[in-house]
Amino acid sequence: MESWRNNKAVFLTFLGPALLWLTIFFFVPLAIIWLYSFGENVSLVDIEITWTLNNYERIFRPEILILLWRTLWLSALATMICIVIAFPVALVIASAQPKWKPWLLLLIILPFWTNGLIRTYALLNILGTRGRLNGALHWIWTQANEALTLIGLGDYHLLGERFQPIQFLGTELGVIYCLVYFFLPFAILPIYSSLERLDKSYLEASLDLGAGQVRTLFVILVPLASTGIFTAAIITFIPAIGQFLIPDLLGRGQVDMIANVIERQFKKANDWPYGSALSLFLLYVTFIVLAIRATVDARRSAERANA
Amino acid sequence: MHKSREKPEPFHYHRKLSLQLFFIATIVFLYLPIIVLVIFSFNDSRRGGNIIWRGFTFDYYEKALNNAGLIEAFANSITIAVISTIFSVILGALTAVLLWRFRFSFKPLFEGMVSLPIVIPEICMGVSLAVFFGYFGLWAPPGTPWPFNLANIIIAHITFSFPFAAMVIRTRLATFNRETEEAAKDLGATEFEVFRDILLPHMKPGLIAGALLAFTLSLDDFVVTFFTSAPNAVTFPVKVYSMVRFSVTPEINAASTVLIILTVILTAFAMRFQSFRETSK
Amino acid sequence: MTVKPIISVQNVTKRFGRFTALDNVSIDVMPGEIFAILGPSGCGKSTLLRIIAGLEAPTEGCILLDDADITAMPANKRPINMVFQSYAVFPQMSVAKNVAYGLKVQRMPRSQIDQAVAQALAQVHLTEFRDRMPNQLSGGQRQRVALARALVKRPRVLLLDEPLSALDAKLRDAMRLELVHLQEQVGVSFVIVTHDQSEAMAIADRIAVLNDGRLCQVDSPEGLYQRPVDGFVADFIGRINLFEIKALKRDSGKVIVSSTEAGDVVIAASQAPDGIAADGLVMAIRPEKITVSLTAPITDGGTVVQGTLGDIAFQGESSIVEINLPCGAALSAFLHDSDCAPLRQAAAGANVWCHWNSGDVLVLARSAV
């Protein structure tokens, strides 16, 4: 690697365009919304930067804090479900025969390549009260009910008088379902990657020493794959908290997350200063999560170095 | 199959029936909605909702293909993807080579800067760009000829794609044998000739992978595009979104199915291309 | 008529931050010779080669080519070419394209290039491989591509960075001969960097020994071997026995050197360097200068040391015999088979007498400062 001084002309040619682009189209816009967050609407179209902290104060009102809590909670729940599902799936792929592995991976990744909007829309059909999922549940309910009737318990209406479809749309359940659906491939890949690189001899040693399959799994396998699991958690959680489309389409206005409030400020409510403050707030939350990740990573490496 | 009776084989989890079923269930979970979407694109649904199957028809495909707004949105998406990919790969390559080749005092800072568009929540990026364009009056005025009316969206897409492209290209550069560069210099090549004849050919697989990634990211994007589009500049996902909010008809399914097929073809093409290069090495 | 050097490295110093890789090194390479730069890992020899090639710039000092100062000349303009340690054959080009590359960038007309390439490939016996890709070649073949690629440009000097170290033993011997023949054919000066002293001794006309960035000695292989300038060179080149000197007394034309291993040794005054105290000196004797016998030798002068027979490493027509001295140190002696046979019959630990002539004793500074 050479010092930039060796070849200033080439260095600047390569640095210039990217730096310029980032500055103009990334940092300047962020600077502007930072300024706006201290501003007020003085007319329908004008914003004056009065250096007020009003917008930030509004963030700490109960309704917003509740919203923030809901955003974090829904994302965390979705992340956990994703990991619980992703781990066995990744395990299957990682332990499959080499000739199957690329195909299995492709199978998992293909939905990921499909347009996000289309995937979210596809769930709308499935999750309605008369949608496919409820249809299937209804069918199961009917079968189960008939089975009960057959054995003479029909009159007790053990499963209820009528089939009650599960409300997905417009509820937190629907949003979580969609979040999991959306982010599952994201979660599978890092865990797979971590398991793939695992030295099988650890497992063999454990079995050799007499531990059973299940014990081996939890005591040995999961900790060794923990980097992958942690990565999966991060790359699921962070995009999840910034989600706008999923709560919008599936929440139908009932289940707002932070991004929905932000969107509203810029479209219907036309309160750009407040929206800017909220956006920056979301940004800071993201950075805090990343910082936590970095600290955990650093502590892990230090432990490993000292071990 | 009572595998549990046999001596447990370490790490052969893929053979356990319970896990196999789980895997299949996951696949069903992932694919079923898409399959249903495709099936219902042929649904002869009269009233809104497209929930109950009524009959088979190609009508809605006809409708979709005749929907000028939809076609225009689709064309816009492709145009934006192509143009932003070209610029993303160029900027990404410049950045990757810079980081690979040079030592400079603010290097960690620059690396952090370049990876910010990847970590930042999409809505923050969309919002800040919308505000930026408004503040400096950089919105393409209505009546701007195609493709310049798409400039705002293109700029946004380049901004979030080029760091991804840079990452991919940088991975490829890491495997480069420095001595081949010095050998070329030793044989008399100028800086430019070294770049063109030695470095660029090595980077090619990385450039292609970066281009594919940038293309997909652009085609797929919703949030950032949502904030940087305008009535006269709409992309396919944004158009579909507005249609969905309005009413749910099989027309949307039809349009979506077409896009899915396109994605599959593109992916297949990319994979063919990749494996072809692997075998020819 | 004095022949002018083709390359003159003058007082070159190279520092990387606080680390000094080369310290005031000056060497001259003569036209038509094979010159080796020899030294242990980290001594700065590769850095020196790269400075000559133009891939690094010296912190101080200059490089002259035919009396012209080329220190500021960039690598791609110097009429000097290098064969890299990893060969650095361009993976995306065929053998012929690789060899042609240097000519292509100097804008030679196509027909001339084709002719030159064909000639170069013939010289390294790679004509049938001209359309092969590098990943289809063996290591030795790739090296020959790198050679052809460099030589086709008719450089004034060819630089080679550890040309033989990556090859297995048999290939190494073959390649060594090929390099010598090639140099005779082409007539261009070769500068070879190596850490293997036996290679340098076998191939080079003159050798520069580097240690820790400093130049110890430049001489022919024979000169380095017989007349090493200090303890480091003596130890680095070939095998040698080294003794610590306890005391040194000068006494009218003679010098008495005392050591634990060999007692008092009387040598001529000319053999001991002036002006260095006893603790800055070492005494050395080459293994082949020692005679070993089972009976006390009849000698006039020289040194006689008694010890017990240790290991004998049988090598065919010669053997390396280890003799354990009463003080605890060991001597290495190199004997031809005829002299060694009786020793091989003797029991281990048998008493033996070692003898060497005073004139063969080397008294050297530990290392040239």
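Read-outs throughout are calculated quantities, based only on the coordinates presented, and are distinct from any laboratory measurement. For clarity, every value in this text was computed on a predicted model and none was experimentally measured. Using ideal geometry, Cβ is built from the backbone for each residue, glycine included, and neighbour counts are taken over all protein chains shown.
The simple Förster model, with R0 at 25 Å and r as the Cβ-Cβ distance, assigns C:R176 and C:R156 a FRET efficiency of 0.60. Annotation: the residues B:E251, C:E317, B:E179, A:E2, sorted from fewest to most other C-beta atoms within 10 Å of their own C-beta, follow the order C:E317, A:E2, B:E179, B:E251. Dividing the alpha-carbon radius of gyration of the stretch C:92-204 by the rule-of-thumb value 2.2 N^0.38 Å gives 1.07.
Residue-wise HN-Hα couplings along the stretch A:235-244, as the Karplus relation 6.51 cos²θ - 1.76 cosθ + 1.60 with θ = phi - 60° gives them from phi, are 6, 9, 5, 4, x, 4, 5, x, 5, 10 Hz; Gly and Pro carry x. Less than 5 angstrom separates the built amide H of C:N211 from those of C:C216, all sequence-distant by 5 or more or on a different chain. Footprinting exposure proxy ranking of B:S128, C:S259, C:S252, fewest other C-beta atoms within 10 angstrom first, gives C:S252, C:S259, B:S128.
Look at where the Cα atoms of the stretch B:198-247 and of the stretch C:41-90 average out, and the two centres are 49 Å apart. The calculated FRET efficiency for C:D114 paired with A:N6, based on their beta-carbon distance and R0 = 35 Å, is about 0.45. Once divided by 2.2 N^0.38 Å, the Cα radius of gyration of the stretch C:208-249 becomes 1.27. In this Cβ point-charge picture (+1 for Lys and Arg, -1 for Asp and Glu), chain C has a dipole of about 1740 debye about its Cα centre. Throw me the Rg/Rh for the stretch A:44-156, computed over C-alpha atoms with Kirkwood Rh, two decimals. The Rg/Rh ratio comes out at 1.20. Close amide H partners of B:F176, meaning residues 5 or more places away or on another chain with modelled amide H under 5 Å apart, do not exist here. The charge dipole of the protein assembly as shown, taken about its Cα centre with unit charges on the Cβ of Lys, Arg, Asp and Glu (plus for the first two, minus for the last two), comes to roughly 2500 debye. So how far, in whole Å, is the C-alpha centre of the stretch B:75-134 from the one of the stretch C:121-139? Comparing the Cα centres of the stretch B:75-134 and the stretch C:121-139, I get a distance of 44 Å. Its Kirkwood hydrodynamic radius, worked out from the mean inverse distance over all distinct Cα pairs, puts the stretch B:137-236 at 16.0 Å. Distance between Cα centroids, the stretch C:344-369 to the stretch A:242-293: provide it in whole Å. Here the answer is 87 Å between Cα centres. Summarised in one figure, the compactness ratio Rg/Rh of the stretch A:195-298, Cα atoms and Kirkwood Rh, is 1.24. Taking other Cβ atoms within 10 Å as a rough exposure proxy, A:R119, C:R239, C:R18 sort from fewest to most as C:R18, C:R239, A:R119. Restricting the calculation to Cα atoms, every distinct pair contributes to the Kirkwood radius of the stretch C:166-313, found to be 18.5 Å. Distances between placed amide hydrogens fall under 5 Å for C:V157 paired with C:N81, all partners being 5 or more residues away or on another chain.
At R0 = 45 Å, how high is the FRET efficiency between B:F192 and B:S105 if r is their beta carbon distance? Nearest 0.05 is fine.
Taking R0 as 45 Å, the efficiency between B:F192 and B:S105 is 0.95.
Per residue, the convex hull spanned by the Cα atoms of the stretch B:110-151 measures out at 99 cubic angstrom.
Within the same chain, lysines fewer than 8 places from B:K204 are excluded, and of the rest, those with a Cα less than 17 Å from its Cα are B:K281. Taking the square roots of five times each eigenvalue of the Cα gyration tensor of chain A, the equivalent ellipsoid has semi-axes of 41, 35, 18 Å, listed largest first.
Per residue, the convex hull spanned by the Cα atoms of chain B measures out at 230 cubic angstrom.
What is the Cα radius of gyration of the protein assembly as shown over 2.2 N^0.38 Å, N being its residue count? Mind showing how you got there, number by number?
On the way: Rg = 39.1 Å, N = 957, 2.2 N^0.38 = 29.9 Å.
Ratio of Rg to 2.2 N^0.38 Å for the protein assembly as shown: 1.31.
Model label sites at C:S220 and A:N306, defined 7 Å from Cα along the beta-carbon direction, differ in position by 6.5 nm. Restricting attention to chain C, lysine pairs at least eight places apart or on different chains and with alpha-carbon atoms under 28 angstrom apart total 18. The alpha carbon convex hull volume per residue for the stretch C:36-153 rounds to 136 Å³. For chain C, the mean residue ellipticity at 222 nm estimated from helices alone is -7500 deg cm²/dmol, where every DSSP H run of n ≥ 4 contributes -39500 (n - 2.57) and the total is divided by all residues, rounded to the nearest 500. Taken along the Cα-to-beta-carbon direction at a fixed 7 Å, the label points for C:E244 and B:I27 span 7.6 nm.
Rounded to the nearest Hz, the phi-derived 3J(HN,Hα) couplings of the stretch B:180-189 under the Karplus curve 6.51 cos²θ - 1.76 cosθ + 1.60 (θ = phi - 60°) are 5, 5, 5, 4, 5, 4, 4, 7, x, 6, where x marks glycine and proline. Placing dummy labels 7 Å off each Cα toward the beta-carbon, the span from C:A268 to B:A75 is 10.2 nm.
Using the alpha carbons alone, the radius of gyration of chain C stands to its Kirkwood radius in an Rg to Rh ratio of 1.07. Evaluated with a Cβ-only charge set (Lys, Arg +1; Asp, Glu -1), the stretch A:183-307 carries a dipole of roughly 180 debye about its Cα centre, given to the nearest 20. Counted over all Cα-Cα pairs of the stretch C:240-335, pairs farther apart than 17 Å make up 55 percent.
In order along the stretch C:46-63, the phi-based Karplus estimate (6.51 cos²θ - 1.76 cosθ + 1.60, θ = phi - 60°) of 3J(HN,Hα) comes to 5, 4, 4, 4, 5, 5, 5, 6, x, 7, 10, 9, x, 6, 9, x, 9, 10 Hz; Gly and Pro are listed as x. Mean residue ellipticity at 222 nm, helices only, chain B: -23500 deg cm²/dmol; runs of at least 4 DSSP H residues each add -39,500 (n - 2.57), and the sum is divided by the number of residues.
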